[in-house]
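One structure is given here, and the rest of the page talks about it.
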Amino acid sequence: MLATILILLIVFIVQWVGDVLVKLIDKRNTSSEEVSGKKIGASFGLIVVVAASLFFLVGNSGEADTKAPTPVKDKLVVGASTTPHAEILEEAKPLLKEKGYDLEIKVFQDFVLPNKALAEKELDANYFQHIPYLEKEIEDKHYDFANAGAIHLEKMAFYSKSVKKLDDIKDGATVLVSNSQTDWGRVITMLQDAKLIKVKEGTDLVTATFDDIAENPKNLTFKYDIDPAIMTTAYQNNEGDLIAINANFAENIGLNPEKDGVIIESNNSPYANVIATRTKDKDDKRVKALIDVLHSKEIKEFINKKWNGTISVVD
């Protein structure tokens with residue numbers, strides 16, 4: 001806008017000076033040619049000085065107009081899964097506003113893009129992943145990320161349309177698990193706690209794979225090539241005898257681990273969902289304010305009431 005005004009001003013001044021020059025040349029009966037020449041020279045000099053000054057100002061104003069906007073320091077942009085993460089953040093938004101910060105929530109439908117967006121500085125933080133998944137992403141993709149704080153635990157459970165209790169599990173039963181490798185140790189731990197399998201001695205259960213199973217007395221058949229988001233479809237289609245489904249997906253089809261699960265994850269699971277940031281932003285005051293809000297009494301009551309035990313709050 002400023003550049004446009006300055007350009008119009010230049011045009012006006014040049015036109016005005018031009019008119020003056022014409023009048024000076026036409027005044028044959030007044031001043032001598034020497035005086036007229038001096039006036040013309042002075043007027044031309046004035047044009048050069050004014051034009052140069054205004055072009056300098058226009059150049060600077062255009063340069064200022066193209067500068068990137070300064071980031072809003074009291075705004076926090078967080079990427080999140082739809083359920084329950086984005087819902088929890090929506091509830092936290094007015095509470096964070098009371099602390100002087102605006103919260104912008106960007107919803108993602110997968111487990112890959114939120115970390116990519118965080119690395120590319122499109123987000124200030126994200127909230128969708130548990131600790132083992134974050135650690136594996138850092139190891140595999142060399143992300144410079146940090147765990148800024150654990151918020152909640154989404155209980156994993158095995159569901160079934162044909163099995164109601166452990167004694168109903170038949171020899172050779174099919175067990176469906178997602179292709180998310182960071183959840184394999186989780187479900188293996190659940191199966192071992194239920195005494196359905198036993199892993200090799202010395203195995204780290206957090207990083208355990210199906211190759212680490214040493215004893216399988218019921219000859220269970222494991223399939224682990226299904227995307228986490230469609231495990232509920234596999235359940236609805238009765239594609240397996242036991243199907244491991246995370247709470248956020250189970251909740252979408254009305255399943256509750258405490259009420260409907262055949263095998264339920266224990267409360268001391270290490271798979272808490274966290275707020276992740278770039279390492280240098282871990283102690284950012286906006287992030288710390290968000291963590292405080294998510295640990296507040298109001299948010300705990302909201303989670304307990306809405307999900308009724310499906311999701312446990314982490315202190």
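A short reminder: the numbers here are calculations on the coordinates, not readings from a lab. It should be emphasised that the depicted structure is a prediction, and the values quoted were computed from it without experimental measurement. Reconstructed Cβ throughout: ideal geometry from the backbone, glycine too, with neighbour counts over all protein chains shown.
Using modelled amide H (1.01 Å from N, peptide plane; none on Pro or chain starts), what sits under 5 Å from the amide H of residue 221, excluding residues fewer than 5 places away?
Answer set, sorted by chain and number: 173, 174, 175.
Between residue 121 and residue 295, how many nm apart are label points set 7 Å from Cα along the C-beta direction?
Each label point lies 7 Å from its Cα, and together they span 2.9 nm.
Taking a threshold of 24 Å on the Cα-Cα distance, which of the pairs 164/218; 116/297; 116/288 fall above it? If you can, show how the numbers build up before the last one.
Numbers: 164/218 17 Å; 116/297 32 Å; 116/288 22 Å.
Beyond 24 Å between Cα atoms: 116/297.
When the Karplus curve 6.51 cos²θ - 1.76 cosθ + 1.60 is applied with θ = phi - 60°, which whole-Hz ³J(HN,Hα) does each residue of the stretch 230-239 get, with x for Gly and Pro?
Along the stretch 230-239, the couplings run 10, 5, 5, 5, 4, 5, 5, 8, 6, 7 Hz.
Quick query: amide H of residue 106 versus all other amide H atoms, modeled in the peptide plane; which residues come in under 5 Å with a sequence gap of 5 or more or a different chain?
Amide H neighbours of residue 106: 78, 79, 80.
If amide H atoms are built 1.01 Å from N in the plane of the peptide, which residues on other chains or at least 5 residues away come under 5 Å of the amide H of residue 149?
275
For a 21 Å ceiling on Cα separation, which of these pairs sit above it: 155/282; 136/300; 155/285; 121/141? All intermediate terms of the calculation are to be shown ahead of the outcome.
Values: 155/282 26 Å; 136/300 28 Å; 155/285 30 Å; 121/141 16 Å.
Pairs exceeding 21 Å: 155/282; 136/300; 155/285.
So what are the ³J(HN,Hα) numbers for the stretch 192-204, from phi and the Karplus equation (6.51, -1.76, 1.60; θ = phi - 60°), rounded to whole Hz, Gly and Pro as x?
Result, rounded to whole Hz: 5, 4, 7, 6, 8, 9, 8, 8, 4, 4, x, 6, 7.
Which whole-Hz couplings ³J(HN,Hα) result when phi for each residue of the stretch 158-167 is put into the Karplus expression 6.51 cos²θ - 1.76 cosθ + 1.60, θ = phi - 60°, listed in order with x for Gly and Pro?
Taking θ as phi minus 60°, the curve returns 9, 10, 7, 8, 10, 10, 9, 8, 4, 5 Hz for the stretch 158-167.
Only Lys, Arg, Asp and Glu count, each charged at its Cβ (+1, +1, -1, -1), so figure out the dipole size of the stretch 189-315 about its Cα centre, rounded to 20 debye.
Here the stretch 189-315 has a charge dipole of around 460 debye.
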